[in-house]
1. Taking interchain pairs and intrachain pairs at least six residues apart, which have beta carbon atoms under 9 angstrom, with the first residue in segment 138-157 and within 16 Å of residue 50 (Cα to Cα) and the second open to solvent by 30 Å² or more (accessible area, probe 1.4 Å) and among the acidic types (Asp, Glu)?
2. Could you say which residue among 184, 110 is farther than 25 Å from residue 69 by Cα and either over 15 Å from the mean Cα position of the chain (by Cα) or not charged (D, E, K, R) (or both)?
3. Would you mind listing the strands (runs of 3 or more DSSP E) fully within segment 74-123 where at least 2 residues are closer than 22 Å to residue 141 by Cα and either open to solvent by less than 50 Å² (accessible area, probe 1.4 Å) or not acidic (Asp, Glu) (or both)?
4. With respect to residue 179, determine if the residue is open to solvent by less than 20 Å² (accessible area, probe 1.4 Å) and of a type outside the set (Lys, Arg).
5. Which ones in segment 140-157 are touching a strand residue (DSSP E or B) at 6+ places or on another chain (Cβ under 8 Å) and surrounded by fewer than 17 Cβ atoms within 10 Å (Cβ to Cβ)?
6. If you go through segment 59-73 one residue at a time, how many are within 21 Å of residue 138 (Cβ to Cβ), open to solvent by less than 90 Å² (accessible area, probe 1.4 Å) and either of a type in the set (D, E, K, R) or assigned to a loop (DSSP other than H, G, I, E, B) (or both)?
Amino acid sequence: MKKILPFAALLLVVFATNAQQVSSKAKAVRMLAYARPEYQVKDVKVYADTMTVFSLADYPIYPLGKWNNVEQFITNNQLLWYRESGYKRFYDTMTVAVNTLKRLDGTNINVYRSIWTDKLEMIYAKITDSAVVLDNGIRVGMSKEDVFKVVFKSYPKSYTNEINVLKVIAGAAEVGEIYTFKGNHLRHIQIVSKYKYY
C-alpha cells in the first residue's frame with residue numbers, strides 16, 4: 001500500500017499537467033476564432049501567463065503608424081519629445097542612423113528611416129506614458145479587457161484572467177508589441193524588432 005501511494009500521486013500530477021496543456025491549447029484555438037479580421041491572425045499560443053498572437057497585419061510592424069520621417073510623427077502626435085540622433089550597431093556589422101525620442105517619464109522610442117521602404121521603422125521602444133497612443137488606440141493605463149478587445153471581437157473573460165503578457169507579433173516574428181499588465185491594467189508597452197536594418 002505504501003508503494004502504491006507515491007505512484008498514484010505521480011500519476012495524478014502527470015494527468016493534471018496534461019490537462020493544463022490541453023486547456024492552454026484549447027484556449028489558443030478558441031481565441032484564434034475570436035480574432036478581429038483586420039489583424040489577420042494566423043496563430044495564437046498560450047504558455048503559462050503569456051498569450052502570443054501571430055498577425056499578418058501592419059499593426060505590429062508599424063505600431064505608431066506609417067511615417068516618412070521623424071518630424072511627421074512628432075508633429076502629428078503633438079507631444080513634447082526630447083530627441084537624440086546617433087548611430088547604433090545591430091546584429092551584424094551594420095551601423096545605422098537612429099533617432100531616439102524620449103519623454104520625461106522614461107518612455108523612449110528608437111526608429112530609423114529605411115532605404116528600402118522610405119518609412120520610419122521601429123528598432124525598440126518602451127512606453128510607460130499614457131499620453132503616447134499606438135496606431136491601434138492602445139495606451140498605457142487601459143484595462144486588460146479593453147486591450148484584448150482591440151485584437152479580439154469577443155472572448156470568454158476567464159481565458160485572459162491568468163494572462164499577464166500579451167504579445168502581438170508580425171507573421172515573420174521579426175517585429176512585435178509586448179503588452180505587460182499589472183493587475184487589470186496595462187503597465188507598459190514594449191516594441192521589439194529583429195530586423196536586419198537597411
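1. Partner pairs satisfying both residue conditions: 157/145.
2. Working: 110 fails: farther than 25 Å from residue 69 by Cα.
Selected residue: 184, the only one of 184, 110 that is farther than 25 Å from residue 69 by Cα and either over 15 Å from the mean Cα position of the chain (by Cα) or not charged (D, E, K, R) (or both).
3. 94-102, 108-113
4. Yes.
5. Of all residues in segment 140-157, those touching a strand residue (DSSP E or B) at 6+ places or on another chain (Cβ under 8 Å) come to 140-144, 147-148, 151-153.
Answer for segment 140-157, where residues must be touching a strand residue (DSSP E or B) at 6+ places or on another chain (Cβ under 8 Å) and surrounded by fewer than 17 Cβ atoms within 10 Å (Cβ to Cβ): 141, 143, 153.
6. So the answer is 8.
The values are calculated or read from the model by the stated rules, or taken from the named source; none is laboratory data. Everything quoted here is computed from the prediction, not taken from an experiment. Here Cβ is always computed from backbone atoms with ideal geometry, including for glycine, and neighbour counts include all displayed protein chains. Side chains included, ligands, DNA and RNA excluded: accessible areas come from the protein's heavy atoms. Shrake-Rupley method; radii C 1.70, N 1.55, O 1.52, S 1.80 Å.
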